Every structure is written in structure tokens, then in C-alpha cells.
1. List every residue pair whose Cβ atoms lie under 8 Å apart, where the two residues are 6 or more positions apart in sequence or sit on different chains, the first residue falls within the range 350-371 and is farther than 22 Å from Lys299 by Cβ, and the second residue, located anywhere, is polar (S, T, N, Q) and part of a strand (DSSP E or B).
2. All but one of (1) away from the ligand (no atom under 16 Å from the Cβ); (2) modelled with pLDDT of 95 or more hold for Val174, so report the exception by its number.
3. Given the conditions (1) away from the ligand (no atom under 16 Å from the Cβ); (2) assigned to a helix (DSSP H, G or I); (3) assigned by TED's automatic domain parsing to the domain that holds Ile24, which single one is not true for Phe240?
4. Across the range 124-144, which residue is nearest to the ligand (Cβ to nearest atom) among those that are out of contact with any Leu (no Cβ under 8 Å at 6 or more places or on another chain) and open to solvent by 20 Å² or more (accessible area, probe 1.4 Å)?
5. For the structure I just gave you, tell me whether Met247 is free of Cβ contacts under 8 Å to residues at least 60 places away in the same chain and within 16 Å of the ligand (Cβ to nearest atom).
6. Does any residue of the range 20-43 turn out to be closer than 20 Å to Ser476 by Cα and in a helix (DSSP H, G or I)?
7. Being at pLDDT 95 or above and part of a loop (DSSP other than H, G, I, E, B) is the filter; apply it to the range 54-73 and report the residue that is least open to solvent (accessible area, probe 1.4 Å).
Amino acid sequence: MSWSQIYNDCYQEILKELTRLDGIAVGFNTNVDAIIEFNSTTILELIGKVGLNSLTLFERVLKWKGVIDKPADFVVGLCGCFEKGKASEWLIQNDETYLYLLNNLPVPNSFRLGGQAGIMANILAEFGVQQVIVHSATLSDQLTNLFIKKKNLVIPYYDKKGKLIFINPRKLKVEDQRFYYHIIAEIKKNDTLHFGDTIKWKCPRDNRFIATYDPPNFEMQLMDAFQKDIELIAERVNGFIISGFHMLEQKMLGKTAINEKINSVISLIERAKKQNPTLIVHLELSSTKNEFIMEQLYKISIKGQYWDSIGCNERELIELLKAIGEKKLANDLNKDFQQENVLLGCIKVCEKLNLKRFHLHQFGCYILILNKEYAIDRELHRNSLCFASLAATEKALTGEILQAYNLILEQPSFSEKISKTFRELAKYITASESYIKANFLSNGFAETPDYLICAIPSIIVDKPVFTVGLGDTISSTALAAELALRKRYLKNKK
Ligand code: GLC
């Protein structure tokens with residue numbers, strides 16, 4: 001079977017199954033994204049405004065500070081992402097700089113619901129999962145109006161009489177109207193930036209740089225309903241997707257408070273799992289320069305099984321490997337993202353964190369590693385990945401889902417477009433004696449004694465309308481598709 005056939009066969013089937021999935025809860029970071037499209041002209045204007053010369057800019061891009069104290073730091077981060085075509089998010093350290101940026105950057109093209117939790121909630125509800133329960137630290141009208149209108153998307157909230165209700169966020173009217181924009185600076189592949197004698201950059205890939213000032217999410221403030229009644233939430237859902245640790249702001253909180261916050265989330269997970277022992281908890285990583293957070297997450301992870309599953313991209317895999325003590329592998333990957341080391345890294349993560357499931361959504365190829373006790377049917381798992389790739393492609397092409405799937409699959413060249421990354425992975429697996437496999441290039445399956453490996457060539461979109469949130473789309477739809485197919489599989493087996 002060709003890859004285009006595999007893709008073709010899975011979409012309608014999974015679409016139907018998703019509407020039979022009981023529920024998914026998503027926490028914790030939800031926010032408003034202000035999307036600004038940058039190009040070399042607007043970047044040069046900004047460089048002039050903040051007064052950077054080409055040599056200083058060049059040196060500061062190399063240093064890669066990772067936080068924004070002053071407006072010039074924003075320009076440095078943006079230029080670094082432009083030069084390398086990489087994604088990054090830096091936290092703004094004070095409201096003065098935040099306000100300066102809001103007033104001096106180009107006008108946003110659009111405002112969209114952001115944050116892993118927000119993005120995933122809208123997508124899963126759009127796909128018809130029966131109940132999607134979302135968390136949001138702030139509930140201003142600007143934010144809640146960005147949730148889709150469907151009834152299956154709800155937020156748990158106490159009404160005036162103190163009764164827990166599940167209501168679409170748009171219907172809430174709260175007094176506290178605080179909200180903060182996350183500034184999403186989108187940059188385009190092949191744009192060129194020339195500045196002074198030192199700088200001649202060509203952006204290698206569509207990508208984005210995010211600058212965030214968001215005190216409620218910096219503290220990872222948790223909603224009352226999630227804290228007091230997590231049991232009532234857990235019993236309604238099959239999966240609980242968690243993210244937002246990357247926003248914990250160390251300067252503001254200090255190490256002790258960060259640890260307390262992580263522990264309070266862990267105790268929520270414990271309570272949720274006690275109430276619903278079959279619940280699958282998925283941690284979606286987000287890149288952070290703060291190694292302390294990753295290390296704490298790791299230390300806690302090995303004490304018990306809190307997350308069954310983790311999802312991440314290339315950058316986050318490197319950060320995770322560092323945190324779990326695989327420094328050499330992390331450094332090698334940092335220099336050259338070779339698929340051999342990528343696969344070894346993914347398996348190491350599963351082993352060290354005792355995961356049931358690990359999903360790497362890299363550009364051009366997704367890899368899913370499944371503990372054999374958890375894995376049920378290899379086609380089922382792989383097809384969930386194809387579904388996720390289609391959902392992300394629709395979103396990249398149109399900004400929405402459920403819009404363009406026919407268009408994608410009807411492209412005659414689709415089957416020939418097997419990505420370079422997938423071919424590289426296939427070449428390595430096929431030649432290696434460490435894996436049991438047959439026809440990996442055409443089916444994406446391999447095994448070790450303990451793990452099942454599923455991989456797919458993902459669809460590459462040449463001109464995405466924007467890139468923010470694509471990783472969240474992939475992870476959440478792959479997981480939801482898997483849970484839905486799993487539910488049907490286990491039911492049929494009875
Ligand atoms: C981060 C950002 C948020 C963005 C999201 C996309 O959480 O803070 O603004 O929407 O990433 O993945």
C-alpha cells in the first residue's frame with residue numbers, strides 16, 4: 001500500500017470515531033495570540049528603532065540570551081529565529097518592555113486563541129469529541145470569545161450558588177477582565193535580511209518567534225474548579241493533556257514556588273488517576289531555556305507514573321535529553337539532527353521516564369514509540385499519526401481544520417513526496433540490526449524487544465498561512481485519534 005493510500009483510508013474513519021470519544025480535558029495555558037507577520041523591511045525598521053548596530057546584533061544573536069529585559073532583546077530573538085529558521089519563545093521580564101513592544105511593533109494581522117490548552121481545546125471540539133473540558137487562568141471577554149461556539153467545548157465553573165457547571169467559555173461573564181497578548185512574530189522562508197557588513201541572512205524555514213508577558217500564566221494559576229473538583233472532571237474524560245510548565249517564571253517566582261507549582265499539578269494528576277484509573281495523561285512540552293524546570297519535571301517523573309505520554313518537537317527533544325542526563329546525545333543532536341540519534345533519543349526518553357507513549361513531531365516525519373504493553377494494534381497507532389498530519393496540513397494551508405482535506409489528498413504528486421527526514425530514518429532502520437522490521441519505508445513499522453516504533457512521512461506545506469500551534473494540532477489530534485480507535489478496538493474485542 002502506498003503512503004497516499006494509507007493517508008486516504010484513515011481520514012473519514014477516524015473523523016467518525018472521534019465523535020464517539022467521551023471526552024478530553026486540556027490544561028493549563030490559554031491566552032490570546034497577536035499574530036504579526038514580519039519581513040526583512042519591518043525587521044530592519046525595528047532594528048533602527050531600538051538602536052542596534054550590525055556587529056552587536058550579530059554577537060547577541062550568537063549569545064542567545066533567551067529572555068527579554070529590553071526591547072532590543074526582542075529584536076535579537078526575532079533575528080535569531082530568522083537566521084536559523086527555528087522557533088522560540090522568550091518571556092518578557094517587565095510590563096514596561098511589554099507595553100513598548102505593543103506600541104511599537106507593526107499592527108497584528110489577527111488575534112487567535114493561543115496557548116497549548118486553548119489551541120487544542122478548539123481543535124478537539126471542532127472534530128466533535130463529545131466533551132472537551134478546558135482550563136484557562138484568565139477569562140476576559142477578548143479571550144473567551146476566541147473559543148469556538150460549540151456545545152461540546154466547556155469550562156468548569158462555579159455558578160452563583162456554588163454549583164459546578166460545565167459551560168461554553170463564551171457564555172461566561174466575569175468581572176476580572178485582565179488579559180495579555182502573546183506576541184507571535186511570524187517569519188517567512190527565503191526572506192533575506194542584509195544589514196551592515198556582517199549580516200546577510202536568508203531565512204531557511206517558515207517559523208515564528210514568540211514574546212510573552214503573562215503574569216497569571218507565569219504563575220501557572222489554576223482555576224478553582226480544577227483544584228477542588230478534578231475528580232468530577234477526570235471521570236468525564238479519556239485523556240488529560242497538560243502543558244504550561246514552560247511559562248513558570250523563575251525570577252518572579254523563585255525555585256521553591258516553581259517546585260510547589262509542579263507538585264500541585266502532580267497531586268491533581270494523582271487524584272484524577274485515582275478517580276479514573278484508565279485515564280491517559282499526556283504532557284505536551286514547550287521549549288524553555290530554563291533547565292531547572294525540565295530537571296524538576298524529570299526528577300518528579302521518575303518517582304511515579306504521572307504522565308503516560310509525552311509529545312514534543314525537535315528542540316524540545318534536545319532539552320528533554322539534557323534534563324534526563326543524556327547530555328552527549330543532546331549535544332550531538334544539537335550539532336546535527338541525524339535520524340539515528342533522534343530515534344535512539346526517543347527510545348531513551350521512554351526508558352528513563354517509563355512512558356507508555358512518546359510522540360516526536362519533527363518537520364517531515366513523526367515518530368511514535370509505544371511500550372509494548374500499551375500498544376494494541378500497529379496500524380491503529382500509525383493511522384492516528386497520518387490523521388494528525390492531515391489535520392495539521394489543513395490548518396497550515398487555511399488556518400482552520402476540516403477545510404482542505406480533499407484538496408490535499410487529490411494532489412497527484414502526494415505519494416512521491418516522501419520527506420527527506422523519513423527517508424533518512426528508513427535508511428538507518430533498514431540497515432540496522434537493532435530493529436525488527438520489514439518494509440519500513442512503505443509501512444513505517446519497526447520493533448525493539450520492548451517497544452513498537454511507528455513513523456510516517458508527514459505532509460510538508462510550502463507556504464503555511466502561519467506556523468504557530470501546528471505542533472499542538474499534531475499532538476492533540478494524534479492522541480485523540482488513538483484514544484478513539486483504541487476505545488473501538490477494546491470494545492470489539494470483548
Ligand atoms: C506557547 C505560547 C502561546 C502559543 C503556543 C503555541 O504556549 O505561549 O502563545 O499559542 O505556544 O504552541
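1. Hits for this filter: His359/Ser309.
2. Every condition holds for Val174 apart from (2).
3. In the conditions (1) away from the ligand (no atom under 16 Å from the Cβ); (2) assigned to a helix (DSSP H, G or I); (3) assigned by TED's automatic domain parsing to the domain that holds Ile24, Phe240 misses (2) alone.
4. Gln142
5. Criteria not met by Met247.
6. Within the range 20-43, none of the residues are closer than 20 Å to Ser476 by Cα and in a helix (DSSP H, G or I).
7. Top of the filtered list is Asp69.
Let's see how each residue does on (1) open to solvent by less than 10 Å² (accessible area, probe 1.4 Å); (2) touching a Ser or Thr at 6+ places or on another chain (Cβ under 6 Å):
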{"site": "Leu146", "(1), (2)": "no, no"}
{"site": "Pro169", "(1), (2)": "yes, yes"}
{"site": "Asp206", "(1), (2)": "no, yes"}
{"site": "Glu219", "(1), (2)": "no, no"}
{"site": "Ala234", "(1), (2)": "yes, no"}
{"site": "Asn238", "(1), (2)": "no, no"}
{"site": "Ile242", "(1), (2)": "yes, no"}
{"site": "Thr256", "(1), (2)": "no, no"}
{"site": "Lys261", "(1), (2)": "no, no"}
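The values are calculated or read from the model by the stated rules, or taken from the named source; none is laboratory data. It should be emphasised that the depicted structure is a prediction, and the values quoted were computed from it without experimental measurement. Cβ coordinates were reconstructed from backbone atoms using ideal geometry, including for glycine residues, and neighbour counts include every protein chain displayed. When the accessible area is computed, the model is the full protein with side chains, heavy atoms only, and any ligands, DNA or RNA have been set aside. Shrake-Rupley method; radii C 1.70, N 1.55, O 1.52, S 1.80 Å.
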